[in-house]
1. Modelled label-to-label distance, A39 and M1, 7 Å Cα→beta-carbon offset: nm?
2. Would you calculate the separation in nanometres between label points at A48 and E26, each defined as 7 Å from the Cα along the Cα-to-beta-carbon direction?
3. Taking the Cα centre of the chain as origin, sum charge times position over the Cβ atoms of Lys and Arg (+1) and Asp and Glu (-1), and report the length of that vector in debye to the nearest 20.
4. With n ≥ 4 as the cut-off for DSSP H runs, can you work out [θ] at 222 nm for the chain, using -39500 (n - 2.57) per run divided by the number of residues, rounded to the nearest 500?
5. Taking all protein chains as present, what is the carbon and sulfur share of the accessible area of the chain, in % to the nearest whole number, probe 1.4 Å?
6. How do L46, L34 stack up against each other in accessible area, from largest to smallest, with a 1.4 angstrom probe?
7. Along the charge dipole of the chain, which of G17, T40, F7 sits closest to the positive end, that is, farthest toward it, with unit charges on the beta carbon of Lys, Arg, Asp and Glu (+1, +1, -1, -1)?
8. Residues of the chain: accessible area per residue at 1.4 Å, in Å²?
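The values are calculated or read from the model by the stated rules, or taken from the named source; none is laboratory data. Remember, predicted model here, so these are calculated numbers, not experimental data. Glycine gets a Cβ as well: all are built from the backbone with ideal geometry, and neighbour counts include every protein chain shown. Ligands, DNA and RNA are stripped out before the accessible areas are found, and what is left, the full protein with its side chains, is counted by its heavy atoms. Shrake-Rupley method; radii C 1.70, N 1.55, O 1.52, S 1.80 Å.
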Amino acid sequence: MKKIVAFYETPVGKKLGASTPAMMTEGMQIGQQLGMEIATELQKDLDAQGNK
């Protein structure tokens, strides 16, 4: 645990800590978009098979 704290006190650790929220937000947006695209494609496939 002490080594983790020491890392986050370094310039690189501070930079990582500062950029993490933005990376998580972007990742969630990409995941949501991908999920919507997959759901749309799945619904099209189900509709083409006559499942409603």
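1. In this crude spin-label approximation the distance works out to 4.0 nm.
2. That separation, rounded to one decimal, is 3.4 nm.
3. Working: 6 positive and 6 negative charges, 96 e Å.
Charge dipole of the chain: 460 debye, to the nearest 20.
4. Working: 2 runs with 45 residues, N = 52.
Taken over the chain, the calculation gives -30500 deg cm²/dmol.
5. On the way: 3150 of 4820 Å².
Exposed carbon and sulfur together represent 65 percent of the surface.
6. Numbers: L46 65, L34 95 Å².
From most accessible down to least: L34, L46.
7. Looking along the dipole axis, the top candidate is F7.
8. Working: 4820 Å² over 52 residues.
Ligands and nucleic acids excluded, the figure is 93 Å² per residue.
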